[in-house]
1. Being closer than 16 Å to Tyr163 by Cβ and touching a residue at least 40 places away in the same chain (Cβ under 8 Å) is the filter here; which residues of the range 235-283 pass it?
2. Scanning for something over 29 Å from Asp323 (Cα atoms), touching a residue at least 40 places away in the same chain (Cβ under 8 Å) and aromatic (Phe, Trp, Tyr), does the range 209-223 turn up at least one residue?
3. Working only within the range 209-225, note down all residues that are of a type outside the set (Gly, Ala, Ser), surrounded by 24 or more Cβ atoms within 10 Å (Cβ to Cβ) and more than 16 Å from Ile300 (Cβ to Cβ).
4. Taking Val267, is it under 23 Å from Glu159 (Cα atoms) and surrounded by 20 or more Cβ atoms within 10 Å (Cβ to Cβ)?
5. Would you say Phe284 is open to solvent by less than 10 Å² (accessible area, probe 1.4 Å), under 28 Å from Pro322 (Cα atoms) and either in contact with a Gly (Cβ under 9 Å, 6 or more places away or on another chain) or not in a loop (DSSP other than H, G, I, E, B) (or both)?
6. Within the range 289-305, is even one residue open to solvent by 50 Å² or more (accessible area, probe 1.4 Å), of a type in the set (Ser, Thr, Tyr) and over 26 Å from Gly389 (Cα atoms)?
7. State all residues of the range 156-202 that are without any contact (Cβ under 8 Å) to a residue 24 or more places away in the chain, part of a loop (DSSP other than H, G, I, E, B) and acidic (Asp, Glu); if no residue qualifies, say none.
8. Quick one: which of Ala388, Ala339 is touching a helix residue (DSSP H, G or I) at 6+ places or on another chain (Cβ under 9 Å), open to solvent by less than 40 Å² (accessible area, probe 1.4 Å) and farther than 24 Å from Gly205 by Cβ?
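The values are calculated or read from the model by the stated rules, or taken from the named source; none is laboratory data. Predicted model only: the values in this text are computed from it and were never measured. Positions of Cβ are generated from backbone atoms using ideal geometry, with glycine treated the same way; all protein chains shown enter the neighbour counts. Areas reflect the complete protein model, heavy atoms only, side chains present, ligands, DNA and RNA absent. Shrake-Rupley method; radii C 1.70, N 1.55, O 1.52, S 1.80 Å.
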Amino acid sequence: MKGVAPRLAEAVQSYTGAALPVRLRAWDGSEAGPDGAPVVVLRSPRALRRLMWEPGELGLAQAYISDELDVEGDLAAALSTVWRSVRARQVRPGRPGARRHVTAALTALRCGAVGPRPPAPHAPQARLRGRLHSTERDRAAISHHYDLSNDWYALLMDESMAYSCAYWTRPDDPSYGLAEAQRDKLELICRKVGLTPGARLLDVGCGWGSLSLYAARHFKARVTAVTLSREQRDFVTARVHEEGLDDLVDVHLRHYRHITGADYDAVCAIEMGEHVGDAHYPDFAGRLHTLLRPGGRLLIQQMSRTGHAPGGGAFIESYIAPDMHMRPLGETVALLEGAGLDVWAVESLREHYVRTIAAWHATLEARWAEFVALAGQETARVWRLYLAGGGLAFAERRMGVDQILAVRPGTDGTATMPATLSDWYQQKGM
């Protein structure tokens with residue numbers, strides 16, 4: 001009698017027109033697919049049932065999160081193999097016809113995969129309500145991701161709690177790691193915006209305060225830090241007090257639309273613009289222009305995406321970062337220029353993000369039991385899938401991240417930026 005795995009391999013070939021790109025091992029012990037390929041393990045018919053009810057990325061992700069589907073060895077290698085198969089256009093174009101649907105249904109029936117919809121995984125799934133990118137919905141979206149717990153992020157990140165792409169100036173030095181790369185990123189940002197003692201810096205979407213604290217501690221800047229996450233607000237406030245920086249850093253729980261004041265010498269938004277939304281980005285850029293003084297500098301570090309996939313995909317939208325939007329780099333530059341800002345320099349950090357995510361992923365695996373104890377097995381598996389897939393997207397150039405430096409033009413037409421970039425990179429060993 002033919003086993004489950006061979007039946008499924010034949011069904012995939014018939015349904016998609018492409019050979020199975022991975023080695024499949026089913027719950028009955030049968031195997032099919034190319035030798036030497038990454039091994040995908042189906043532990044239960046429930047994994048197939050999920051795909052019957054939720055075809056595509058989200059069904060696969062939920063089967064993985066629930067441990068009904070697993071990958072032996074390198075998860076990123078398995079994801080890359082599948083992605084290359086899709087990218088090579090091996091999948092038959094067009095919508096599957098009725099005959100292929102019937103064949104797939106019969107295969108599922110023979111494999112015992114037909115049945116009621118499986119319950120959703122216990123890992124929290126975003127279910128946002130209200131008008132897209134309203135203040136309350138934005139607050140809920142930010143809370144879903146960033147309020148997982150401060151303990152979780154403290155375990156994942158370095159001591160600076162910088163949750164953004166680092167800047168790896170000495171990647172081949174074994175004594176140089178994530179903490180040093182995040183320090184060099186913060187140093188570079190502060191130099192690019194020209195901070196000096198007493199300069200007024202607005203940190204929009206301040207996260208756990210890594211930039212705000214660094215700017216106050218090392219450049220004596222006066223910082224206004226803004227976040228929509230209560231967990232982050234409370235964390236940064238406590239850290240400011242612990243370091244004796246209360247006279248330099250003010251922390252606010254506030255939407256960017258409700259930021260008060262003006263004439264800031266510098267404004268930074270570090271991987272916050274992805275949460276603004278496409279329709280609202282022109283207003284966001286205009287608001288940043290208004291908050292700056294003439295001659296003031298804006299530094300945006302922001303992810304971009306190629307092709308026609310502006311969000312993070314069904315899995316990311318459901319479990320990690322709902323309502324996020326990414327666009328090609330050139331479109332963001334055009335929106336900033338449309339708001340009246342002069343874009344002065346753009347620096348790609350894409351390869352730096354590959355290293356950054358690899359460091360986070362290594363920490364997750366090395367301290368797996370601690371992460372499971374904090375948030376449960378399913379949430380830990382969500383993050384394993386998220387980090388493996390995210391690192392792959394940057395490595396394969398499907399996503400990018402860039403630092404965009406812009407300036408609000410001065411009123412008299414004189415130059416407000418340095419003649420060269422040399423001072424940014426020739427200090428403190430960078």
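1. Phe235, Cys268, Ala269, Ile270, Glu271, Met272, Gly273, Glu274, His275
2. yes
3. Leu213, Val223
4. No.
5. Yes; evaluated as a whole, the condition is true for this residue.
6. Looking through the range 289-305, at least one residue is open to solvent by 50 Å² or more (accessible area, probe 1.4 Å), of a type in the set (Ser, Thr, Tyr) and over 26 Å from Gly389 (Cα atoms).
7. Within the range 156-202, Glu159, Asp172, Asp173 qualify.
8. Ala388
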